[in-house]
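Have a look at the structure below, then the notes.
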Protein chains: 2
Amino acid sequence: MHWIVQYIHDMPETTPVDQVMELVSLLQRDMAHSFARDGLTEARAHLLWVLQDGPTTQRALADALRVTPRNITGLVDGLVASGHVVRRAHPTDRRATLVDLTEPGADLLRSMTEGYAEMHEVLFGGLPDRELAAFGRTLGRVVDRLRARLVEEGIG
Amino acid sequence: MHWIVQYIHDMPETTPVDQVMELVSLLQRDMAHSFARDGLTEARAHLLWVLQDGPTTQRALADALRVTPRNITGLVDGLVASGHVVRRAHPTDRRATLVDLTEPGADLLRSMTEGYAEMHEVLFGGLPDRELAAFGRTLGRVVDRLRARLVEEGIG
DNA sequence: TATTGTTATACTCTATAACTATA
DNA sequence: TATAGTTATAGAGTATAACAATA
């Protein structure tokens, strides 16, 4: 299938898998840059992102970020120090801690959400609707395949 | 454009950007799992991958991996300890060190290359040629846009 | 003077294990 | 007993700064 990309970019060795890998690499760099500009690391940005859904226990954050509870302690410590979140007592479970956004944290999350929305324009702006629709259909299948593979391998 | 994915997956809030982000997330997890199975971290796997092109100076590795030369010292130390690479004297520049694959390192790189080739089947196997071609065309444009954005922002 | 790679130091993310408080 | 979060400890990746050897 080399010809697909050859035709467009004249890069004789580029395959669709290469394109996907480059997309991943570019997106990682772009996001890391955005987060750093906001004074965030990727892990802390991820945690903040999860807090969109409201105050969350550290246990739930550990599940969402797929890291151990111990890591959440450190990430929350950092975000408390930077003034983005606060720890609050859980109303019914005295073992648990709720992590909640501060006002500056909520502001930052809002700007992150706006950046996420702008990503649509960056990636797909000006693309014909039919082309975008077809792309979305195929991408949906690819994502489903990959998700199935992870489940198969017991990574899910 | 929400309807695109709604139509297929009945996930009312999923956008093409969400799909791309999930693709990135799933691929990261899949790769991290593969590398760990081979006793590698992502950073060391990346370094090994660059060595496909032959013996390489640490300076060149730093550029390829986009990290400081100091980091390369640590990564190469680890790969030397695990027996995957060796340091060799540069034939003409006595300041420089060439990093080269050992036989076990070359074997592992070969299996990584095979895994990369199999990724085509995982992601696209069974997809009609026309659909894959269209996907590759659109993905090429998306990657180009993203690359341009990074250059614009001075990240390139 | 500039470059290559190192030592020294520090920060972040990650993990496991042992522990306290609570359910 | 089980769960939520912490302290203790360790390893890996990253960075800057200062340095020695070489170009």
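Odds and ends about this structure:
- Matching residues in segment B:29-40 - criterion: being within 11 Å of DNA strand C (Cβ to nearest atom) and either open to solvent by 70 Å² or more (accessible area, probe 1.4 Å) or within 30 Å of residue B:91 (Cα to Cα) (or both): none
- Check on residue A:100, more than 30 Å from residue B:144 (Cα to Cα), within 16 Å of DNA strand D (Cβ to nearest atom) and in contact with a Pro (Cβ under 6 Å, 6 or more places away or on another chain): yes
- Pick from segment B:107-128, criterion away from every other protein chain (no Cβ under 14 Å) and open to solvent by less than 60 Å² (accessible area, probe 1.4 Å), ranking: nearest to residue B:30 (Cα to Cα): B:111
- Hey, residue B:67 β-branched (Val, Ile, Thr), in contact with a Phe, Trp or Tyr (Cβ under 9 Å, 6 or more places away or on another chain) and either within 30 Å of residue A:150 (Cα to Cα) or not in a strand (DSSP E or B) (or both) or not: no
- Within segment B:78-88, if we keep just the residues that are part of a helix (DSSP H, G or I) and aliphatic (A, V, I, L, M), the residue that is least open to solvent (accessible area, probe 1.4 Å) turns out to be B:79.
- Taking every residue in segment A:130-146 that is within 12 Å of residue B:127 (Cα to Cα) and pairing it with any residue that is among the polar types (S, T, N, Q), at least 6 positions away or on another chain, the pairs with Cβ-Cβ distances below 6 Å are A:139/B:19.
- Number of the condition not met by residue A:45 [criteria: (1) closer than 12 Å to residue A:109 by Cβ; (2) more than 11 Å from DNA strand C (Cβ to nearest atom)]: (2)
- Exactly one residue among B:91, B:104 is more than 25 Å from residue B:23 (Cβ to Cβ), in contact (Cβ under 8 Å) with a residue 12 or more places away in the chain and either assigned to a loop (DSSP other than H, G, I, E, B) or open to solvent by 60 Å² or more (accessible area, probe 1.4 Å) (or both), and that residue is B:104.
- Residue that is farthest from residue B:110 (Cα to Cα) [pool: residues in segment B:48-85 that are in contact (Cβ under 8 Å) with a residue 24 or more places away in the chain and within 8 Å of DNA strand C (Cβ to nearest atom)]: B:59
- Leading residue by the ranking (farthest from DNA strand D (Cβ to nearest atom)) among those in segment A:53-72 that are loosely packed, with under 14 Cβ neighbours inside 10 Å and not charged (D, E, K, R): A:54
- Hey, residue B:152 more than 9 Å from chain A (Cβ to nearest Cβ), at pLDDT below 95 and either out of contact with any Pro (no Cβ under 8 Å at 6 or more places or on another chain) or surrounded by 15 or more Cβ atoms within 10 Å (Cβ to Cβ) (or both) or not: yes
The values are calculated or read from the model by the stated rules, or taken from the named source; none is laboratory data. Quick caveat, the model's predicted, so the values are computed rather than measured. Ideal geometry is used to build each Cβ from the backbone, glycine not excepted, and the neighbour counts take in all protein chains shown. We work out accessible area using only protein heavy atoms, side chains counted, and drop any ligands, DNA or RNA first. Shrake-Rupley method; radii C 1.70, N 1.55, O 1.52, S 1.80 Å.
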